[in-house]
Amino acid sequence: MLTDTHCHLFKEYFSDLDKVIKDANDVGVMRFISASDNLKSIDEMIDLSYKYDNVYIAIGIHPENCEEDLRELEKVLESNKSNKKIVAIGEIGLDYYYGKETRDRQLEVFDYQLSLAEKYNLPVVIHSREATLDTINCLKNHNVRGVIHCFSGSKETAFEYIKMGFYIGVGGVMTFKNSKLDETIKELPLDRIVLETDSPYLTPEPFRKYSNEPKYIRTIAEYLSRIKNIDISEVEKVTENSVSEIFFI
Ligand code: NI
């Protein structure tokens, strides 16, 4: 069994979600953590958590949407306290590739959401692009753990996150021919890696011409087993164990 620890199962991307889930189940991808990126998608994800037994959700405001009202987010968390399908705050973080000019607001929103994670005792799913130093500094101000989603940094950065108790989320980018990311991932301990698609983005090779779907977690797991030169059953066992440790599912 495998879990897609990070996907965006939004209606605007997937018109037939029943089929997407069935196609994933058919290749042993049995659980999904669907991450929101703004207030509207949070509502949609909450509906989804009731509709599908095996869809868990992360709720949070992505740095690209940092102008949204944070009090609304806290209201949603408070009124959904009994919803056990909310397994993380995410995806949250800092993006200086797209939003350098909103840096101050991003930092404020990130910090606030890290406080919410502490308050509600939830792990975090972190988006960090061209913002490693600020990300690490913010995380150090809080007692939080979770996943560095779509990790693409250096080996040293990965080990810094691991030392802080974080897990490294790996997906399609690792399979891209010129990414060189596989050389870094190969060096990381398997028990600190979790698998993710980030569907509908970043489809792994050799399927890049298609939109990404959770079923490609199988492709990602196979790729990881090849670069680490281990059996796929080992990848399944160890990454599933990490999923339980992080998200309590
Ligand atoms: Ni994402």
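Quick note: the coordinates plus some simple rules give every number you see, no bench work behind them. Predicted model, so just to flag it, every value in this text is computed and none were measured. As a convention, Cβ positions derive from the backbone with ideal geometry for all residues, glycine included, and neighbour counts pool all protein chains shown.
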**Q.** Computed [θ] at 222 nm, deg cm²/dmol, the chain (DSSP H ≥ 4; -39,500 (n - 2.57); rounded to nearest 500)
**A.** -12500 deg cm²/dmol
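Neighbour counts of other C-beta atoms within 10 Å: give me PHE110, PHE248, PHE166 arranged from fewest to most.
PHE248, PHE166, PHE110
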Q: Quick one: work out Rg over Rh on the C-alpha atoms of the range 22-152, Rh as Kirkwood radius.
A: 0.98
Q) Under a point spin-label approximation (7 Å from Cα along Cα-to-Cβ), what is the ILE232-SER79 distance to one decimal in nm? A) 4.4 nm
Q. Hey, got a sec? Which trypsin sites (Lys or Arg not before Pro) in the range 170-232 land in a DSSP loop and have at most 15 other Cβ atoms within 10 Å?
A. LYS177, LYS180, LYS186, ARG208, LYS209
Q) Most mobile of SER49, SER179, SER41 per a Gaussian network model of the chain (Cα springs, under 10 Å)? A) SER179
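At a Förster distance of 51 Å, what's the computed FRET efficiency of SER154 paired with TYR50, Cβ-Cβ distance as r, to 0.05?
My answer for the efficiency is 0.80.
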Q: Report the trypsin sites (Lys or Arg not before Pro) located in the range 66-113 that are in a DSSP loop and have at most 11 other Cβ atoms inside 10 Å of their Cβ, or state none.
A: LYS81, LYS84
Q) Between LYS11 and ARG71, what is the spin-label point distance in nm, taking each point 7 Å from the Cα along the Cα→C-beta axis? A) 2.8 nm
Q | Most mobile listed residue (TYR201, TYR98, TYR216) in the chain, GNM with C-alpha springs under 10 Å | A | TYR98
Q. Expressed as a whole percent, how much of the Cα-Cα distance distribution for the range 2-247 exceeds 30 Å?
A. 20 percent
(Q) If you average the alpha carbon positions of the range 4-77 and of the range 145-207, how far apart do those two centres end up, in angstrom? (A) 21 Å
Q | Inter-probe distance in nm under a simple model that places probes 7 Å from Cα toward Cβ, at GLU101 and ASN121 | A | 4.3 nm
**Q.** Max mean-square fluctuation residue, GNM over the chain, Cα-Cα springs under 10 Å, options VAL124, VAL29, VAL238
**A.** VAL238
Q | Sites ARG208 and VAL27, calculated FRET efficiency, Cβ-Cβ separation with R0 22 Å, nearest 0.05 | A | 0.75
Q.
Loop-only GluC sites (Glu not before Pro) in the range 183-249, please: DSSP not H, G, I, E or B, and at most 16 other Cβ atoms within 10 Å.
A. GLU187
